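The values are calculated or read from the model by the stated rules, or taken from the named source; none is laboratory data. Just so we're clear, the structure is a prediction, and the values are computed from it rather than from any experiment. Here the Cβ positions follow ideal geometry from the backbone for every residue, glycine too, while neighbour counts run over all protein chains shown. What goes into the accessible areas is simple: the full protein's heavy atoms, side chains included, and nothing from ligands, DNA or RNA. Shrake-Rupley method; radii C 1.70, N 1.55, O 1.52, S 1.80 Å.
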Amino acid sequence: MIDKNAVARCFGKAAASYDQHALLQRLSSDKLLQYLPTVPNMVNTYATTVDLGCGSGALLSTLAECSENLIAVDLSFGMLTHARGHHQLATPTYWLNGDAEALPLQSDSIDLCVSNLALQWCDDLAMPLIETSRCLKRGGLMLFSTLVSGSLDELTQSWAAVNKHRHVNRFLSEGEIKAALLKSGLSVESFQIEIQTMHYSSVKEVMLSLKGIGANHVHNKNVKPTTQGDLRAFKANYETLRDNQGLLPLSYKLAYCLLRKR
Ligand SMILES: C[S@@+](CC[C@H](N)C(=O)[O-])C[C@H]1O[C@@H](n2cnc3c(N)ncnc32)[C@H](O)[C@@H]1O
């Protein structure tokens, strides 16, 4: 079971530094929005749009351009408060501190739900999809990106030779994601996988790329503390991964999905 209070706390703590570190998130959201079906005049195409796991609100101004109303939902009150304080939108926007797995929204009330790199923080991916399906009107769309197993493999590998404790969260396989899509009852219009490798000059920068956005909570982490020796061994292992540019890779495997309620 995911400790949602701990997840929310980590993201809340990182709210002020989030935008500065969210490079992968911006690459992912740019790509994700390309899957939104284009219509001649996007203005007010969707009566009500939800940004699920809105974080610092980076997608809100783009979503506002094609929506009559926006609902920004996030598990972290700190993140939501930060987003609210940093976005003045002409489109009426409602701010909801809530969980994607139990959406505080009425059934058949929304036209579009967009979620960028938030649903990998849920216990069971099928739940937010079933919840979104409940809240979508017929014909409504769900567009989301999430992480797939293979993400952060350099971290997993570098720790594996040090000890058997859990240092990195587990991500769903492509097959497990497809099973969750099936459970949702939504029809799949598009499903794409992409690998994105980020590069850093030090192990410290790699770790900061996760901590800076608040993505450093490890579920069910072994309570045994990490020793200085373990940390040194982990860093030495990671150092062996330097590429010919002298940089350290950190890989992400992303799934982009467009679903429709029939
Ligand atoms: C990596 S950030 C992505 C934020 C934003 N979508 C973006 O593209 O920058 C993940 C966000 O999902 C939120 N989150 C995590 N679990 C959630 C849940 N169960 N329900 C709603 N939001 C959640 C976190 O609080 C965090 O703000």
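The residues listed here are Asp108, Asp99, Asp74; of these, the one that is within 13 Å of the ligand (Cβ to nearest atom) and more than 18 Å from Gln25 (Cα to Cα) is Asp99.
Can you find even one residue in region 176-184 that is in a loop (DSSP other than H, G, I, E, B) and open to solvent by 60 Å² or more (accessible area, probe 1.4 Å)? Within region 176-184, none of the residues are in a loop (DSSP other than H, G, I, E, B) and open to solvent by 60 Å² or more (accessible area, probe 1.4 Å).
Could you list, in sequence order, all residues of region 45-58 that are in a strand (DSSP E or B) and among the polar types (S, T, N, Q)?
We begin by selecting, within region 45-58, every residue in a strand (DSSP E or B); these are 46-52.
Result: Thr48, Thr49.
Looking at Gln192, is it within 16 Å of the ligand (Cβ to nearest atom) and in contact (Cβ under 8 Å) with a residue 60 or more places away in the chain? No.
Of the numbered conditions (1) without any contact (Cβ under 8 Å) to a residue 60 or more places away in the chain; (2) more than 17 Å from Glu154 (Cα to Cα); (3) hydrophobic (A, V, I, L, M, F, W, C), Val168 satisfies every one except a single condition; which is it? Failed condition: (2).
When the residues of region 16-32 are filtered to those that are more than 8 Å from the ligand (Cβ to nearest atom) and either on the phi > 0 side of the Ramachandran plot or not in a helix (DSSP H, G or I) (or both), the one that is surrounded by the most Cβ atoms within 10 Å (Cβ to Cβ) is Ser17. Put simply, of Met1, Met42 the only residue that is over 17 Å from the mean Cα position of the chain (by Cα) and within 13 Å of the ligand (Cβ to nearest atom) is Met1.
Within region 6-15, the set of residues being more than 7 Å from the ligand (Cβ to nearest atom) and in contact with a His (Cβ under 9 Å, 6 or more places away or on another chain) comprises Ala6, Arg9, Cys10, Gly12, Ala14, Ala15. For region 231-262, filtering for residues that are over 30 Å from Ala16 (Cβ atoms) and open to solvent by less than 80 Å² (accessible area, probe 1.4 Å) leaves 12. Tell me, which residue of region 34-53 that is of a type outside the set (Val, Ile, Thr) and without any contact (Cβ under 8 Å) to a residue 60 or more places away in the chain is least open to solvent (accessible area, probe 1.4 Å)? Applying the filter and picking the extreme gives Met42.
Working only within region 211-227, note down all residues that are assigned to a loop (DSSP other than H, G, I, E, B), modelled with pLDDT of 80 or more and farther than 15 Å from Trp121 by Cβ. Give the steps one after another, and end with the answer.
Of the residues in region 211-227, the ones assigned to a loop (DSSP other than H, G, I, E, B) are 212-227.
Within this subset, residues satisfying the condition of being modelled with pLDDT of 80 or more are 212-220, 225-227.
Passing the criteria: Gly212, Pro225, Thr226, Thr227.
Looking at the structure I just gave you, is Leu143 farther than 29 Å from Lys235 by Cα, more than 9 Å from the ligand (Cβ to nearest atom) and at pLDDT 95 or above? For Leu143, the condition - farther than 29 Å from Lys235 by Cα, more than 9 Å from the ligand (Cβ to nearest atom) and at pLDDT 95 or above - is met.
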